[in-house]
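Any read-out appearing in this document is the output of simple, stated calculations on the displayed coordinates, not a laboratory observation. Only a predicted model underlies this, so the values are computations on that prediction, with no experimental measurement involved. All Cβ positions, glycine included, derive from the backbone under ideal geometry; neighbour counts span all protein chains shown.
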Amino acid sequence: MEKYLSIQAISDLTGITAHTLRYYEKNGLIHAIARGSNGRRQYSANDLAWIRFLVRLRTTGMTIRQMQRIADLRRQGSSTTKERRILLEAHKNKLAEQIERLQEHYEVINEKIEIYRQWELENLQLEVMEP
């Protein structure tokens, strides 16, 4: 028998709120989740894996619309794997460009820190030399 997770458990495991999970379901990012006899959502391990993937996509800046497209293609089955791959490759390329720009900014900040350290050292040496 498969163990199901509550919306709160999924929220705790993924770091997204129950409100966001309901929003994702309403907007087609998550298929209609099974419900128990009490009417509460019952998430499977597969649901959890998919939601974790959605969190990664969103965290890396993918738009809800793009995520909806991937979810739609996923529901259509394995005949859409090429299109899903192409969408993910485009997103990956965008991320690579962002990482490159961030690396450039990081290097400039490091250079500035080194300049300030050097100035601090020079000022310290001047203070030691002054009577």
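Couple of notes before you dig in:
- Selected residue [in contact (Cβ under 8 Å) with a residue 12 or more places away in the chain, closer than 16 Å to Phe53 by Cβ and not β-branched (Val, Ile, Thr)] from Arg85, Arg75: Arg75
- Residue within the stretch 43-55 that is over 24 Å from Leu88 (Cα atoms), touching a residue at least 12 places away in the same chain (Cβ under 8 Å) and of a type outside the set (D, E, K, R) present: yes
- Residues of the stretch 9-34 satisfying the condition of being free of Cβ contacts under 8 Å to residues at least 24 places away in the same chain, of a type outside the set (Asp, Glu) and in a helix (DSSP H, G or I): Ser11, Ala18, His19, Thr20, Arg22, Tyr23, Lys26
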